[in-house]
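Heads up, the thing below is written out as structure tokens.
The values are calculated or read from the model by the stated rules, or taken from the named source; none is laboratory data. Small disclaimer: the values here were computed from a predicted structure and weren't measured. Methodologically, a virtual Cβ is constructed for each residue, glycine included, from the backbone with ideal geometry; neighbour enumeration extends over all protein chains shown. Areas reflect the complete protein model, heavy atoms only, side chains present, ligands, DNA and RNA absent. Shrake-Rupley method; radii C 1.70, N 1.55, O 1.52, S 1.80 Å.
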Amino acid sequence: MRIENLQLKEFIKDSGMVGEKELEESFKEAQDGKKKLGEVLLAKKLIDEVKLRKLYAYILGVPFVDISKEIIAPEILQIIPEPIAKKYKIISFEKNGQELKVAMLNPEDMQMIDFIRKKTDLKIISCLTTEESIKIALKQYNQSLKAEFGDIIDKNSSEISPDEEEEDLEKIAQGLPIIRIVDTLIKHAILQSASDIHIEPDEKEVRVRYRIDGILHEVMTLPKQVREGIIARIKVLSNLKLDEHRIPQDGRFKIEKDGNKISFRVSILPIFDGEKIVMRLLNESSKGLTLEAMGIMGQALEIIHKEIKKPNGMILVTGPTGSGKTTTLYTAMDILNTPDVNISTVEDPVEYRMAKINQTQVYPKVGLTFAAGLRSLLRQDPDIIMVGEIRDKETMEMAIQAAMTGHLVLSTLHTNSAAGTLPRLIDMGAEPFLVASTVNVIIAQRLIRKLCNECKKEYKLAKKELENLNSSYDMTAILEVIKKNEATKNIVKEKDGWEDITFYKAVGCSQCGGQGYRGRNGIFEVLEADEEIRKMISQNESAEALEKKAKEKGMLSMIEDGFSKAILGITSIEEILRVTKE
């Protein structure tokens, strides 16, 4: 808060709250130590926090509220998600029409007020309160959930007899308390742009975690008594068997919220303490991505656009689970999706529904595997085929055969680098000359978190940091590549060393929920199979030799692409190191 020490001193002096001598000593201590006078007075117990906060409110011309004894309605409290309320010590406690009153420690934090105004579309009235008030009010997040649980908490699940179990579970699942709990979990996940919800029963409680920008965050702990009800509710939503607790189950459901269609892919797995639920959130209303928006730049972008326009051959995307491979394939299909081509897919599972594309879900129980699905697709007169993943020799052979017979085949593989994909296909049993003649381009990728533009901070590499980086990477070689890279050559001058380059680090603010990151982007390496590379594949050259040759032709490795994005301020060095470590 912008209350100067001298200003506060004069107000306290006029009010007579603190003796003149003690006030002068505290003022001198605050000025000498560059501290706030209020904090010095509180530390010395010369003033009560409530009185001091009331004085602050009077000086700032804002209302003072004590919410420590207030019972806040759950729907008002939940307007500000618990993680933000905890991090920034701000509580919504009253709503009148389009006005929302919030209690906070710094009512002049305009950035936070503006953030809540945009999120809620309400007029925000900020009030000053005490640290203790915020602390007590934060406990109501759990208490409000307990109030919503109602009868389920009181009901001892061990009293349910086996004959009544299914009927009771159905009744609980349709009960208002459980519906509210599940709705709250879903609402907050959507609000925080989570990609997954994890509901994990322990011996004494149920833990709820959200995956936000690829990282899991614990959001709440629920009492054990509500476990069965939550599982039953999600099974009802997903059309799954309520009375089946011994085998895994998979299902789906959709909801519409604020004009967005959100599809939930549900996986239920029996574990020692019950059943664990993971729900994948897929926003079906999100506009189609572009390769540029995903973070593919320069020469790599030109190569991909050129290769996906070819009438036949294979486009392979590689990387670990959760690296965005499927999104890249969907983006490529979106570009290719014109009325004059027939696009068919075999997927496990079908992630997004795409208009005018024939999507087939793998179902191994009835013999519909990737290979069987692909075999049937070839009789459906396709121009472009997307195979969700090449997992075995049979699928791989059929994909190569399809690419040779005039189809464009898009698929994914689990390898760590673009060059490592070619020997991997040969290890699976493919003939080197067939791989050489069918593969057009290989895209290896990882997902990185983007720095929040509101709070990212500039810095330059210290000597120690550079030494640590040099021990893991050839930083001299990376710098030479960056100086020639189209995206960074205007930022990094020929004479610059690593110590001259500006990087950015994560800080954390109200806009990014204190994480320092907001949204995701990709880092890529794109290997084009030209005549020289094809010849090397036919001769069964190693991945190292293929990578060296591709780099000579201008391919950026993932680490080089990562450092380029760190220089451009898209991400941080820490994030690049996190996703590229092997």
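For L434, L377, the ranking by accessible surface with the largest value first comes to L434, L377, using a 1.4 Å probe.
Please report the antiparallel percentage of DSSP beta bridges with both residues in the range 277-405, rounded to the nearest 5. Intermediate results must be reported in sequence, preceding the final value.
On the way: 1 of 9 bridges.
About 10 percent, rounded to the nearest 5.
With an 8 Å Cα cut-off and a minimum separation of 6 or more residues, compute the relative contact order for the range 351-460 in percent.
Details: 84 pairs, mean separation 21.5, N = 110.
Relative contact order, the range 351-460: 20 percent.
Applying a 4.7 Å Cβ-Cβ cutoff to the chain leaves C127 as cysteine residues with no disulfide-compatible partner. Amide H to amide H distances under 5 Å link I67 with T130, where only residues 5 or more positions off or on other chains count and H is placed in the peptide plane. Between amide H atoms placed 1.01 Å from N, distances below 5 Å from C509 occur with G514, Q515, G516, all of them 5 or more places distant or on a separate chain.
Taking 7 Å steps out from each Cα toward its Cβ at Y459 and T221 produces label points 3.2 nm apart.
Here the label points at V507 and I247, each 7 Å from Cα along the C-beta direction, are separated by 5.6 nm in the simple model. Ordering L527, H198, L6 by Cα displacement along the dipole of the chain toward the positive end leaves L6 in first place; charges were set at the Cβ atoms of Lys, Arg (+1) and Asp, Glu (-1).
A simple charge model with +1 on the Cβ of Lys and Arg, -1 on the Cβ of Asp and Glu and nothing else charged puts the dipole of the range 351-409 at about 180 debye relative to its Cα centre.
Could you give the accessible area per residue of the range 371-426, probe 1.4 Å, as a whole number in Å²?
Accessible area per residue, the range 371-426: 37 Å².
Normalising the Debye intensity of the range 420-522 to I(0), with uniform scatterers on Cα atoms only, and taking log10 at q = 0.15 Å⁻¹ returns -0.89. With N the number of residues in the range 283-399, Rg(Cα) / (2.2 N^0.38 Å) evaluates to 1.06. Of the whole protein surface, K139 contributes about 120 Å² of accessible area at a 1.4 Å probe radius.
With charges only on Cβ, +1 for K and R and -1 for D and E, what is the dipole size of the chain about its Cα centre, in debye, rounded to 20?
Result for the chain is approximately 1140 debye, rounded to the nearest 20.
Label sites at N540 and L6, each approximated as a point 7 angstrom past Cα along Cα to Cβ, lie 8.4 nm apart.
Note down the relative contact order for the range 1-128 as a percent, whole number, built from C-alpha pairs under 8 angstrom at least six residues apart. Numbers along the way, then the final one.
Numbers: 135 pairs, mean separation 26.4, N = 128.
Result for the range 1-128 is 21 percent.
Fully extending the segment from Y363 to E170 would add 66.6 nm, taking 0.36 nm per residue of separation and subtracting the current Cα-Cα distance. Taking every DSSP helix (H) stretch of at least 4 residues in the chain, weighting each as -39,500 (n - 2.57) and dividing the sum by the residue count yields a mean residue ellipticity at 222 nm of -12000 deg cm²/dmol. Based on alpha-carbon centroids, what's the gap between the range 466-507 and the range 201-260 in Å, whole number please? Centre-to-centre distance over Cα atoms comes out at 45 Å. Using only Cα coordinates, the Kirkwood hydrodynamic radius of the chain works out to 27.9 Å.
Here the Karplus relation 6.51 cos²θ - 1.76 cosθ + 1.60, evaluated at θ = phi - 60°, turns the backbone of the range 72-81 into coupling constants of 8, 4, x, 5, 7, 4, 6, 4, 9, x Hz, with x for every Gly and Pro.
Couplings 3J(HN,Hα) of the range 305-313, computed from phi: 4, 5, 6, 6, 7, 6, x, 9, x Hz, in residue order, whole Hz [Karplus 6.51 cos²θ - 1.76 cosθ + 1.60, θ = phi - 60°; x for Gly and Pro]. Among the listed pairs K309/K549; K45/K135; K483/K548; K463/K505; K139/K505, which have their C-alpha atoms separated by more than 22 angstrom in this model? Beyond 22 Å between Cα atoms: K309/K549; K139/K505. Counting only protein heavy atoms and a probe of 1.4 Å, the accessible surface of the range 252-376 is 54% carbon and sulfur. In this structure, the amide hydrogen of V317, modeled 1.01 Å from its nitrogen in the peptide plane, lies closer than 5 angstrom to those of S411, T412, L413, I443, counting only residues at least 5 positions away or on a different chain. V50 contributes about 50 Å² of solvent-accessible surface, heavy atoms of the protein only, 1.4 Å probe. Normalising the average separation of contacting C-alpha pairs (under 8 angstrom, six or more residues apart) by the number of residues puts the relative contact order of the chain at 10 percent.
Determine the distance separating the Cα centre of the range 1-67 from the Cα centre of the range 523-553; give it in Å without decimals. If we compute the Cα centre of each part, the gap is 69 Å.
At 0.36 nm per residue, minus the direct Cα-Cα distance, what do E20 and K493 gain on full extension? Give it in nm, one decimal, please.
164.2 nm
Within the chain, antiparallel bridges make up roughly 65 percent of the DSSP beta bridges whose residues both belong there.
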